[in-house]
1. Compute from the Cα atoms of the range 122-239 the Rg and the Dmax, the latter being the longest Cα-Cα distance, and quote both in angstrom.
2. Could you tell me the number of lysine pairs in the range 12-123 with C-alpha atoms less than 16 Å from each other, where the two lysines are 8 or more residues apart or belong to different chains?
3. When only alpha-carbon atoms are used, what values of Rg and Dmax, in angstrom, describe the range 95-147?
4. Put +1 on the Cβ of every Lys and Arg and -1 on every Asp and Glu Cβ in the range 2-133; which of I4, C17, L58 then has its Cα farthest towards the positive end of the dipole?
5. Please turn the phi angles of the range 43-59 into ³J(HN,Hα) values with the Karplus equation 6.51 cos²θ - 1.76 cosθ + 1.60 (θ = phi - 60°), one per residue in order, whole Hz, x for glycine and proline.
6. Hey, what do the phi angles of the range 135-144 turn into as Karplus ³J(HN,Hα) couplings, whole Hz, using 6.51/-1.76/1.60 and θ = phi - 60°, x for Gly and Pro?
7. What is the set of long-range amide H partners of I4 at a cut-off below 5 Å, with H atoms built 1.01 Å from backbone N?
8. Does the range 35-180 classify as rounded, prolate or oblate by the C-alpha gyration tensor (a ≥ b ≥ c root eigenvalues; a/c under 1.5 gives rounded; else a/b over b/c gives prolate, otherwise oblate)?
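Please treat every number below as a calculation from the coordinates, not as lab data. Small disclaimer: the values here were computed from a predicted structure and weren't measured. Backbone-built Cβ (ideal geometry, glycine too); neighbour counts: all protein chains shown.
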Amino acid sequence: MFGIWGYGGGGKTTLACSIYDEISSEFDGCCFLKNIREESSKRNGLERLQEKIICGVLKQKQVEVGRVEEGRHMIKDRLHHRKVLIVLDDVNNLEHLEELAGSHDWFGEGSRIIITTRDEHVLTAHKVDVIHNIRLLSDDEAMKLFCKHSPRGDRRMEDYEQLSKDVVSYAGGLPLALRVLNRFLCDKDMDEWRSALARLKEIPDAKILEKIKITFDGLTLLERELFLDIACFFRGRYKDEESMMILDACGFHPVIGIKVLIQKALITVSLDGRFDMHDLNLDKIEAIDSQRFRSDELQRILQVAANMNKLRWIDLEDSARLAQCKATLGGLQGNS
């Protein structure tokens, strides 16, 4: 079994498709199951997915699975002697993986099961043989991908060179973001490119955010709160004893919480031990939680006489001038 793990929109499905197309002719039967996370949430979703595996590999028109347990036995009984290639795309639940590809002995010798997921834990818990972590594109790689499907047509490249660099910088190495922006900008002139990029910095593209939202929505409430605090106050700070003590004092249980966020590709810890994350994660935070404010908004909020029991943290680092605050900060957990 081969796992492909990484950030939403990072190219996991594209890589799986490429491998599938390249080697599918070498197997007795093949099946590519897309969007398992979404399909399994439907009524009798797992049973229908089990049916698709059997029909796809055996090239049968119809197979009926009454119960999930029945489907497990049917897959093993009918495929254990066949060399198969199966791609399970977008698996977010370990139990679902166990019902679709429980173990190696379900399939014949030489079979290959490829699993894509945003959650590394799904792969490690299932004891997948090889796990490939999808890395984001470098600036040079991102520029090549963007220019390969350039929306500029026959326009002079040098006129759009800096704008293209700005687009690549905004995408942050995320292939999905490059594709979405490519399609959006295909019929725009230079002024419209500039306007679109300026707007994106304030209002991120909904299609891109939706991909990120899938992972965010899968977190527990405590994991969401930990993610938000790291994004707002700890990005760039060392994952040292002080940071862990602060997060622990907030009740986040950071040792396990940070592990979960890393496995879901929402945050990273750099080689020198600093918290980090993709810039588009910050866009998502601002878009759905509105817990970060521009300086003019923050000053106005602090000066009003409203009840501010929900305010939990204020970061005053590098503040040149501090406004006087109302004494209504009952929910404040800390400041820095």
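1. Spelled out, the Cα radius of gyration and Dmax of the range 122-239 are 17.7, 52 Å.
2. Lysine pairs, 8 or more places apart or on different chains, close enough: 7.
3. 15.6, 45
4. Among I4, C17, L58, the one farthest towards the positive end of the dipole of the range 2-133 is L58.
5. 3J(HN,Hα) across the range 43-59, in whole Hz: 4, 6, x, 5, 4, 5, 5, 4, 4, 5, 4, 5, 5, x, 6, 8, 6.
6. With coefficients 6.51, -1.76 and 1.60, one gets 8, 6, 6, 6, 4, 5, 5, 5, 5, 4 Hz.
7. Here I115, T116, T117, H132 satisfy the definition.
8. Here the range 35-180 falls in the prolate category.
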